[in-house]
Amino acid sequence: MPERPVFVLHEHDRPRHHFDLRLEEDGVLRSWAVPKGLPDDPRADRLAVAVEDHELEHATHTDADKRIADSGWWELEDRNDKRFVFVLHGQAGSARYALIDTGSDWLLHRVRKQPS
C-alpha cells in the first residue's frame, strides 16, 4: 500500500497568533495561513491565504513559537479549477473540508456532510 500523504496543522504565536494548514502534494507541503484555524461549523468559512510551499521535513518542525496542533494524513475527494474537497484524518478523528479559490485568496469551508 502506498504511503498516505501527510498533513499538519501548525499553530504559530508570531508575528500574531495563527495556524498554517500544510498538505503534502507533489513532494512538498502546500501551505495556507488560516488566521482563525480550521472551521468547526459549515456556516462559518475561514480565510486561507496561500503561502510558499515547504519541504516535507517541515511537517515535524516545532520551535519556541510554533507547535503542531494536529497531524495525520489526508485524502483528496474531488478537485476542479476553483476548489478541492479533502478529508483530514488527524489525531482527534476525520473531517471533510473544501478549499475554494476566490481569485485573490482562498476560503476554507467545513463541508456539511462529514465522514462517518
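Given Ala48, Ala33, Ala92, Ala69, which one is at pLDDT below 95 and within 26 Å of Arg112 (Cβ to Cβ)?
Answer to the check: Ala92.
Only one of these is surrounded by 13 or more Cβ atoms within 10 Å (Cβ to Cβ), acidic (Asp, Glu) and within 15 Å of the chain's Cα centre (by Cα): Glu24, Glu52. Name it.
The unique qualifying residue is Glu24.
Can you name every residue in the range 4-30 that is hydrophobic (A, V, I, L, M, F, W, C) and either at pLDDT below 95 or touching a helix residue (DSSP H, G or I) at 6+ places or on another chain (Cβ under 9 Å) (or both)?
Matches in the range 4-30: Val6, Phe7, Val8, Val28, Leu29.
Any chance you could count how many residues in the range 24-36 are assigned to a loop (DSSP other than H, G, I, E, B), of a type in the set (Gly, Ala, Ser) and touching a strand residue (DSSP E or B) at 6+ places or on another chain (Cβ under 6 Å)?
Of the residues in that region, 0 qualify.
When you scan the range 37-49, how many residues do you find that are in a loop (DSSP other than H, G, I, E, B), of a type outside the set (A, V, I, L, M) and within 12 Å of the chain's Cα centre (by Cα)? Don't jump to the end; show me each part of the working.
Keep residues of the range 37-49 that are in a loop (DSSP other than H, G, I, E, B), which gives 37-45.
Checking which are of a type outside the set (A, V, I, L, M) leaves us with 37, 39-43, 45.
Among the residues that remain, those that are also within 12 Å of the chain's Cα centre (by Cα) are: 37, 39.
Adding up the residues that qualify gives 2.
Within the range 55-68, can one find any residue that is in contact (Cβ under 8 Å) with a residue 24 or more places away in the chain and within 11 Å of the chain's Cα centre (by Cα)?
no
Among residues belonging to the range 64-116 that are part of a loop (DSSP other than H, G, I, E, B) and acidic (Asp, Glu), point out the one that is surrounded by the most Cβ atoms within 10 Å (Cβ to Cβ).
Asp105
The values are calculated or read from the model by the stated rules, or taken from the named source; none is laboratory data. Quantities reported herein were computed from a predicted structural model and do not represent experimental measurements. Please note: Cβ atoms are built from the backbone with ideal geometry, for glycine as well, and neighbour counts cover all protein chains shown.
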